[in-house]
1. Would you check if E160 is farther than 23 Å from A79 by Cβ and among the acidic types (D, E)?
2. Mind checking which residues of region 88-120 are over 28 Å from P156 (Cβ atoms), of a type in the set (S, T, N, Q) and outside any helix (DSSP H, G or I)?
3. For region 229-247, does any single residue satisfy the condition of being in contact with a Lys or Arg (Cβ under 6 Å, 6 or more places away or on another chain) and more than 26 Å from P170 (Cα to Cα)?
4. Give me a count of the residues in region 206-246 that are of a type outside the set (D, E, K, R), assigned to a loop (DSSP other than H, G, I, E, B) and either out of contact with any Ser or Thr (no Cβ under 7 Å at 6 or more places or on another chain) or surrounded by fewer than 20 Cβ atoms within 10 Å (Cβ to Cβ) (or both).
5. Just to be sure before I move on: is Y95 of a type in the set (S, T, Y), modelled with pLDDT of 95 or more, within 18 Å of F184 (Cβ to Cβ) and crowded, with 21+ Cβ neighbours inside 10 Å in the structure I sent?
6. Of A258, A284, which residue is in contact with a Pro (Cβ under 7 Å, 6 or more places away or on another chain), in a helix (DSSP H, G or I) and more than 21 Å from P195 (Cβ to Cβ)?
7. Would you mind finding the one in P304, P375, P333 that is more than 26 Å from Y279 (Cβ to Cβ), more than 21 Å from the chain's Cα centre (by Cα) and not charged (D, E, K, R)?
8. Among the helices (runs of 4 or more DSSP H) contained in region 313-404, which hold 2 or more residues that are surrounded by fewer than 24 Cβ atoms within 10 Å (Cβ to Cβ) and in contact with a Leu (Cβ under 8 Å, 6 or more places away or on another chain)?
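The values are calculated or read from the model by the stated rules, or taken from the named source; none is laboratory data. Quick caveat, the model's predicted, so the values are computed rather than measured. Here the Cβ is made from the backbone with ideal geometry for all residues, glycine too, and neighbour counts use every protein chain on show.
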Amino acid sequence: MMNKLSVAIVLTLGLFLSCKDQKKQIETEESVSEQIVADTLKWSERMALSEIERFPDPTLLDFREKPRWSYTNGLVLQAMSRVYEQTHNQKLYDYIYDYGNRMIHEDGSIETYKISNYNLDMIKSGDAIYYLYQNKQEPRFKQAMDTLHKQLEGQPTTSEGGYWHKKVYPFQMWLDGVYMAEPFHTKYAKTFMSPEEAKKVYDKIMLQFDLIEKHSRDSETGLYYHGWDESKEQKWANKETGLSQHFWSRGMGWYGMAMVDVLDVLPEDYEGRDRLLTYLNQYAEAIVKYQDESGAWYQVLNLPDREGNYLEATGTSMFTYTLAKGVNKGYLPESFKAYADKGFQGILDTFITVEDSGVVNLNQCCSVAGLGGNPYRDGTFEYYIGEKIRSNDPKGTGPFIMAALELGK
């Protein structure tokens, strides 16, 4: 009898422990993915959490093998900070802090960063550090931002004062650079400088936009060429104008995001503000003319029928964000909201796939594109369509998150 009772107890205990282990396993699995698959989550939070699943280490965003201070980290982490402000999902804040904590040393020095490179791309992660400092005023974060400001004070310029994109790209202004540097610099000046000193910085910031408008905007289409070489020496540069050959979707996307993000911070009474609003409205009128019926935009904007051109996710996400935010903030007329809505639906229909685990993917992203360098990038149509296409490029996932936030999706 005792033997039967013992067996029963053992079986019952075993069943209990088995169920408990199963429950623990399920809870562990759910802790990884249940937030992503939850029906109540919006696309913005789902993509933010998906990025964390793809890159548990925030220093390795952008498919890196080693930690590196880079603009892609700052772009995605800034997007996550905006999701956190709405959702208060601690996982997001902890992820942002992990990056700052590991990349900024106690003395304020920045891991892998060299000021002597004078690379505008390296300013962008300053946005994430600015956010962390606003929440947790660790002196090292302020010291790091001081270093980035110092870089911009010493950045080599064209004869008119336009920042070179990098020291190794002399006399060149790229559309990308305005987004990399100016949203951070505007916030830095407004927060840490006297009104008189801040105005000098605002003037330098506005000068960058003025020069892009002067040299890079095509008066016929209203679109912007990717790069301009004042020296006209680059093989990619037109010998008369110094301009590159094509209107690259993501290049223009960077520029649009720069305008709406800088407008957020520029004082209402700053005299250059109205000029920037004019630039943004002209820009918006131009890009909607080239929106495909699908809602997306092509890699080379104005050549949709040319063989090899394709609908591209990063530029589409950037345009959608720029239009949506422009309307929400009153920078653009309400009529542009329809184009933003169409753009977001185009992203969902054309580029988004969802795995069984709930992880969200953004497909058809141009991996990278530039001008010059080694191997040499000549800026031809064949070059832009020939660059690698991949999924979940942070230059797309970050703007997608921000576009979704602006549209409440």
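1. Spelling it out, E160 is indeed farther than 23 Å from A79 by Cβ and among the acidic types (D, E).
2. The answer is N89, and nothing else.
3. no
4. Looking only at that region, the number is 13.
5. Judged against the criteria, Y95 is not a match.
6. The unique qualifying residue is A258.
7. On inspection, the qualifying residue turns out to be P375.
8. 337-350
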